[in-house]
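Undergrad: The structure that follows is given in the form of structure tokens.
The values are calculated or read from the model by the stated rules, or taken from the named source; none is laboratory data. The shown structure was predicted, so the numbers you read here are calculated from the model rather than taken from an experiment. Cβ atoms come from the backbone with ideal geometry, glycine included; neighbour counts cover every protein chain shown.
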Amino acid sequence: MNWKIRRFGQAIFTVWAVMTLAFFLTRMMPGNPVDAFVARVGPELDNPQEAYELAEIYMNINPQDPIHVAYVDYMASMLQGDMGMSMSQNDSVAAIMAEAIPWTLFVMSWAIFIGFAVGISIGALMAYWEGSKFDVALTGYATIITSIPFYVLALVLLITFAYRLNWFPTSGRRPEGVEAGFNIPFILGIIHHAVLPVFSMFVASGVASLTMRGNSIRVLGEDYLRVARLRGLPDRTIAVQYIARNAILPMYTGLMIAIGSMFGGAVVLEEIFTYRGMGYYMIQAVRARDYPLMMGAFTVITIAVVIALLIADLTYGKIDPRAGNEDHDAF
Amino acid sequence: MTAFQSDATTRTNDDVIVELRDTSVEFGMDRGTSKVLNEVTTEVYRDEILGVIGESGSGKSMFASAMLDAVPEPGVTTGEVIYHPEEGDPISVTDLSKEELRQFRWEEVSMVFQGAMSSFNPVLPIKTHFVETLSAHDYDIRRGLTRAKELLSDLYLDPERMLNSYPHELSGGMKQRVLIALSLVLDPDLLVMDEPTAALDLLMQRSIVSLLEDIKEKHDLTIVFITHDLPLVADLADRLAVLYAFEFAELGPSERILEEPAHPYTRALLNATPNLSAPLEEMRPIAGESPDPVNIPEGCSYHPRCPLADEECETIDPGPYDAGPDHDVHCHHWEQSIEDLDIAFEETSDSGTTASAVEKASGDPLVSLSDVEVTFGSANDGWLDFGESETVTAVDGISLDIYDNDVVVLVGESGCGKTTLAKTAVGLQTPTGGTIEYRGRDIWEGASGSTLADKEIRRALQIVHQDPGASLNSHHRVRTILEQPLKRWHSDLDGNDRRERILGMLEYVGISPPQDYIDRYPHQLSGGEQQRIALIRSMLVNPDLILADEAVSALDVSLRVGMMDLMIELQDTFDTSFLFISHDLSNARYIAEKTGGRIGVMYLGELVEIGSAERIIHDPQHPYTKALRWATPELEVDQVAEESPMRSIDIPDPTNPPSGCRYHTRCPEAREVCATQTPEFVDLGDDVHAQKSACFRAYDDHEYWQSESITDEHADANVGTDTDTDSGVTSESD
Ligand code: SF4
Ligand code: SF4
């Protein structure tokens, strides 16, 4: 029980540290964004004092306050979900994020799901036919695909299937001219737009299949498998409860870590496909020197990663009885 | 417990339950076909316990698997395996279809094998294993579970707790017993057990074996018990079969095999098996090694090692000769063997061990441990840590002096702290309390971290590991391995001197010709040879004290005595002291008695008794030592079958040791005072004042004698690991 509280404490600490970092980067850096903002906006206004108020609206930081007061204010508004106003998008950061996150989650979860599902199946087959031509060929495939950075694959896919073959749209996240809502053309359109980004993340399947192969081969040599066969258990039980479960289990944490790193991957991927998710807005923010949006996206991504890892840790004990209530680190 | 009296001569064919006819198992390998069971023909009788004895690589596991036609791929079983059910026609097991085989196994014949630790699916609770098995065979689940519970409590386990546990929550001994229950849940007629207790402590092995007899009676079982450990089955088995080089050497009623064995190998094996009662001079190793399955010698496969071998033996495979009722032997000269072989062994040159180390106990100690304590597990790892501390005190306040040219053997169950204590003594483990002095100097003085500051002390204290293969660097040749210590500690030697010295040592330990071995890699050596190299490596630095951690337990029975003799000889020649660790009292006795050393018995982090080998073996004072003594089987059929002298089979949880005397939860003599007060070491006043015991019973007048006995109670609730459902293992209490 106690280690759960501890994990939780660590997660909260990480989030707090990231927010604090964001604050100090915005406020304390030489030529910091707040001062720059005031310097830029101030002269255009009738009353230059208003620039400070605007700064507070946009960034939650009033440069005139003493640093500790500014910090407390900043944290307070962050906790309320107020991440300031975007300077380039003309909307609150929170609103932009709320709108973008579902799209990112949509693409990422499919990417991870398909990647792992394919990886696990291939890995299982490789283990089943260990040493055969099939195994050798697929091991080769997995090794190669693992070593390709996902953005290279993304570019190759984009050039081939979108520009050359015109099978998929080159950018965007939803069909144009179709009424948004729960109708078939719209849903198909969304899927159509998501295919390439999802398959760019296919590289994850390489790692997954190699891990699965190794795990399965290990499990196939276990004594409990031999005993299970002697006990005359049906093949299906053996395959599912004995082999698959024990082989997939150790990959669970890997999956959660993959989720964490995929948010990072989303930044590059969404830029390549001009897919308006969180990562896309983050790059836009960097381009436009839109600090509130940038920091907002950064904070949200961090929190997402921390939550994914926290879930991995807290649920691992449920899935693997051995991890149970011990002081266990899932990763 | 001795049920060997079944009259062998009255057997009829109806009594046969399994018959093997010319059964072979072969594996195709790069080097050729490997015959791991070579045309074995034999019968197993209904309701008997057949003990099958074989060293590693004798084909004993294949024999077990063949009975269920369960030889692992790509092995091929040929010949016939015929099962005779109680009613109905004989079944040819090798001809069964896949589905028939699936039903046959576990319903008619089931099997328990070595890897009990990993015989359960780690992600499923124990109960699921039972349910799955029952439903796979279309048995009634409710009735099956009732039976399972009954079996579990017959094995002194708490059925509810076992069924609701996950495998990792159980100790090795519990898992092994649960596995036995699982194997019997479908009520099979024949149970094949392949080294079922090999990975367990002696005490647990013995407890399980003594339960088997009752289980067998109660469930009308036939048991085939396969082991490398002859004494373990000596009093359990009705008949014994000895396997050598993938075929039977001899098969007969237990008392015949133990008292008048006819095959030269059986005779040699009996002589090589360390035990507690035989005179030391009669124990000797078997020269040579077991043959390679790819290359089994022509004729009698034992001829390269047999003292009676002649031309006939080298060419003609000895068929079974009749050596008495129901006693078959595969040797041409079995009569001569009976007549000559007992005395055929030359007189031993007793290696002069008279100067008892115990007597030297008066001088200054070489290494002196005082009040040493070792605790594992950190209390708290700092910041944001709300976790409570979980610590295990592996060694709890032990004082022990080791003298020059001394030998101390530490024995005890696994988890008793013997390895930790010994490692602390040679400076490989940092104590959390107390001091260790080497010739009066604190060895941890000025040390940083876990390495000793004083190089001289580091050299003086050495270790030989349990697993010789793992302790030798597999990428280095023997020469390099042995040169390292010489370069480090004898930098004055040049290359030629070093080589000479290494060759000399190799020759000395019987690795010859040494020139051939010096350029080999460890994997090109046999287990015994690796162990010797590891031993030389530590000897070359001229240490004062060597820790040998279970140094012989990995070796085959036939090689153990040889290895121990060698160690004793080296100890004498090099004037070093030895600290042995063993879980086996027979090995401990051999070493301690031959060197005049002491045996120290440990229980849950405490030293409970120490004394000369003779006293510990023949006059143990502490009830726990008596239990260990009980657990060490003898090479006799008609041992006085005593009940287990312990009240519970399982060892208490070391993270939460019992109060007072730690043994009080299992001790048959425990009284109320034992649960509250901790006994101190008492000198038992033998002639050399070397025997000490930590038990109240050693005092003539102590509160203990007036205290109420607590042995009738159920096992103490705070023990945590085992809640016996029955305290029937209680022995006589005075
Ligand atoms: S047959 Fe010959 S070699 Fe074999 S055991 Fe008998 S005497 Fe020895
Ligand atoms: S002190 Fe008591 S419990 Fe401990 S060993 Fe002696 S009699 Fe048994």
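Undergrad: Those residues that are buried (at least 23 other Cβ atoms within 10 Å of the Cβ), touching a strand residue (DSSP E or B) at 6+ places or on another chain (Cβ under 8 Å) and either small (Gly, Ala, Ser) or farther than 15 Å from residue B:465 by Cβ (or both), I need them from the range B:546-575; list them, please.
TA: If the condition is that a residue be buried (at least 23 other Cβ atoms within 10 Å of the Cβ), touching a strand residue (DSSP E or B) at 6+ places or on another chain (Cβ under 8 Å) and either small (Gly, Ala, Ser) or farther than 15 Å from residue B:465 by Cβ (or both), then B:548, B:551, B:571 are the ones that fit.
Undergrad: Testing residue A:64 on (1) assigned to a helix (DSSP H, G or I); (2) modelled with pLDDT under 70, one condition comes back false. Which one is that?
TA: Result: residue A:64 fails condition (1) only.
Undergrad: Kindly state which helices (runs of 4 or more DSSP H) lie completely within the range B:408-474 and contain at least 3 residues that are not assigned by TED's automatic domain parsing to the domain that holds residue B:580.
TA: Numbers: elements: B:418-425, B:455-460, B:468-471.
Filter on the range B:408-474 gives an empty set.
Undergrad: I've got another one for you. What is the residue count in the range B:182-204 for residues that are closer than 14 Å to residue B:219 by Cβ and part of a loop (DSSP other than H, G, I, E, B)?
TA: 5
Undergrad: Got a sec? Which helices (runs of 4 or more DSSP H) wholly within the range B:568-638 have at least 1 residues that are aromatic (Phe, Trp, Tyr) and closer than 27 Å to residue B:392 by Cα?
TA: Qualifying helices (runs of 4 or more DSSP H): B:623-631.
Undergrad: Mind listing just one residue for me: the one in the range B:300-314 that is more than 7 Å from ligand 1 (Cβ to nearest atom) and crowded, with 17+ Cβ neighbours inside 10 Å and, of those, farthest from the chain's Cα centre (by Cα)?
TA: Filtering the range B:300-314 for residues that are more than 7 Å from ligand 1 (Cβ to nearest atom) and crowded, with 17+ Cβ neighbours inside 10 Å, the one farthest from the chain's Cα centre (by Cα) comes out as B:301.
Undergrad: In addition: Determine which single condition residue B:342 fails, assuming it passes every other condition in (1) over 30 Å from residue B:29 (Cα atoms); (2) at pLDDT 85 or above.
TA: So the condition that residue B:342 fails would be (2).
Undergrad: Could you tell me how many of the residues in the range B:651-674 are small (Gly, Ala, Ser) and near ligand 2 (Cβ under 8 Å from one of its atoms)?
TA: Count: 2.
Undergrad: Could you check the range A:311-326 and list, in sequence order, the residues that are at pLDDT below 70 and surrounded by 15 or more Cβ atoms within 10 Å (Cβ to Cβ)?
TA: A:323
Undergrad: Whether any residue in the range B:153-168 is at pLDDT below 90, facing chain A (nearest Cβ under 9 Å) and surrounded by fewer than 22 Cβ atoms within 10 Å (Cβ to Cβ) is what I want to check.
TA: Yes; the residues of the range B:153-168 include at least one that is at pLDDT below 90, facing chain A (nearest Cβ under 9 Å) and surrounded by fewer than 22 Cβ atoms within 10 Å (Cβ to Cβ).
Undergrad: In addition: Tally time: how many residues in the range A:229-254 are in a helix (DSSP H, G or I) and more than 7 Å from every other protein chain (Cβ to nearest Cβ)? It would help to see each step written out before you state the result.
TA: Our first condition is that a residue be in a helix (DSSP H, G or I); within the range A:229-254, this holds for A:229-230, A:235-248, A:251-254.
Next, from what is left, pick out any that are more than 7 Å from every other protein chain (Cβ to nearest Cβ): A:229, A:235-236, A:238-240, A:243-244, A:247-248, A:251-254.
Summing the residues that are in a helix (DSSP H, G or I) and more than 7 Å from every other protein chain (Cβ to nearest Cβ) in the range A:229-254 gives 14.
Undergrad: Identify all residues within the range B:20-41 that are buried (at least 19 other Cβ atoms within 10 Å of the Cβ) and either among the β-branched types (Val, Ile, Thr) or in contact with a His (Cβ under 9 Å, 6 or more places away or on another chain) (or both); write none if there are none. Show your work before the answer.
TA: Initial filter on the range B:20-41 (buried (at least 19 other Cβ atoms within 10 Å of the Cβ)): B:20, B:23-26, B:35-38, B:40.
Hits for the range B:20-41 are B:23, B:25, B:36, B:40.
Undergrad: Please give the number of the condition residue B:115 fails out of (1) within 8 Å of another protein chain (Cβ to nearest Cβ); (2) modelled with pLDDT of 90 or more.
TA: So residue B:115 meets the others, but not (2).
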